[in-house]
Structures are given as C-alpha cells and as structure tokens.
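The values are calculated or read from the model by the stated rules, or taken from the named source; none is laboratory data. Quantities reported herein were computed from a predicted structural model and do not represent experimental measurements. Positions of Cβ are backbone-derived with ideal geometry, glycine not excepted, and every protein chain shown enters the neighbour counts. The area values use the complete protein model at the heavy-atom level, side chains included, leaving out ligands, DNA and RNA. Shrake-Rupley method; radii C 1.70, N 1.55, O 1.52, S 1.80 Å.
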Amino acid sequence: STIAIVDNIGYQPSKRILRVLFDSGSSKTLISQRVLTKQARVKRLHANSKVQLLTLAGNVPVNTLVTLTDIRLPEFDKNRKVKQINAYVFDQKCRYDIIFGTDFLGQAGIYLNFSKN
C-alpha cells in the first residue's frame, strides 16, 4: 500500500492524498464512492452488466465507472504520472480510497515478480 494524488476524478479537480492498495490479483482499478465529489461525472453500467470484482479487500459489487487523470505516486516518483485510467466505483466499507489492479500497475511500470520475491 502507498499514497496517490489524482489531479482529476470524474473530470473534477482533486488534490486529496488518497490511500492506495496495489492488488495484483485484480485486473481492474476501483475507487471508493466517498472520494468522489458531487460534480464528478460517472458512467453507469447497464443493469445487465453489473460487475462483481474479487479483490484483496473482498468481493466488491460495482455498477459505475469514473475516469482518473494524471495519477502520481509520490513515494515512488513525484514527477511521473499515469495519464488516464478508468476505475470502477465501489460503495463498501474499505480502508483504502483506491485499489489499483493490474490495468494500472502495468501503465505505472510496476511489475511484480513473485518467483524472485
């Protein structure tokens, strides 16, 4: 786990420091509903395409999607940014604000090699 700064969440400015979990077992990125502003633009998934994602934080039902832009991980590199990624929105109690899946980890250049620890 670490912290992240996301310049825009749902096309709305955000400079909050967010608690992050890297989840190599999840193929998708998730963001907690509590960090979205009321003005954030979200995309609702079709009723028949509701998704249940299994993460380290548990089984998470999602039905909306939001765009994150200019994501920084200041503990790693203050200047390097991931330009854009879509994140599923979850509304479940969780100690993390964002759960980054392998879709984000690859873009950020984070590769986990379990065979070499």
### Task
Pop out the carbon and sulfur fraction of the accessible area of the chain as a percent, whole number, probe 1.4 Å.
49
### Message
Under the rule of at least 5 residues apart or a separate chain, name every residue whose amide H is placed under 5 Å from the amide H of residue 60.
### Response
53, 54, 55
### Query
Could you give the dipole magnitude of the chain about its Cα centre, charging the beta-carbon of Lys and Arg +1 and that of Asp and Glu -1, in debye to the nearest 20?
280
### Task
Loop sites only, by DSSP: take the trypsin sites (Lys or Arg not before Pro) in the chain that have at most 16 other C-beta atoms within 10 Å and name the longest stretch containing none of them.
51-92
### Task
Give the longest segment of the chain that steers clear of chymotrypsin sites (Phe, Trp or Tyr not before Pro) in DSSP loops with at most 15 neighbouring Cβ atoms within 10 Å, not counting the sites themselves.
12-75
### Message
Suppose we take every Cα in the chain and form the convex hull; what volume per residue is that in Å³?
### Response
105
### Query
Taking θ as phi - 60°, what are the ³J(HN,Hα) couplings along the range 21-31 by the Karplus curve (6.51, -1.76, 1.60), each to the nearest whole Hz, with x for Gly and Pro?
10, 8, 10, 6, x, 9, 7, 10, 9, 10, 9
### Summary
Of the listed pairs 28/83; 43/116; 43/78; 15/93, those with alpha carbons more than 28 Å apart are 43/116; 43/78
### Summary
Descending accessible area (1.4 Å probe), largest on the left, turns 67, 102 into 102, 67
### Task
Counting only heavy atoms of the protein chains, get the accessible area per residue of the range 1-115 (1.4 Å probe) and round it to a whole Å² value.
60
### Simple label model, 7 Å out from Cα along Cβ direction - residue 83 to residue 44, nm
3.1
### Task
Mark the label point 7 Å from the Cα of residue 67 along Cα→Cβ and return the residues of the range 89-117 whose backbone N is within less than 13 Å of it.
none
### Query
222 nm [θ] for the chain, helices only, -39500 (n - 2.57) per DSSP H run of 4+, per residue, to 500?
-1500 deg cm²/dmol
### Query
Relative contact order, percent, of the chain when contacts are C-alpha pairs under 8 Å separated by at least 6 residues?
36
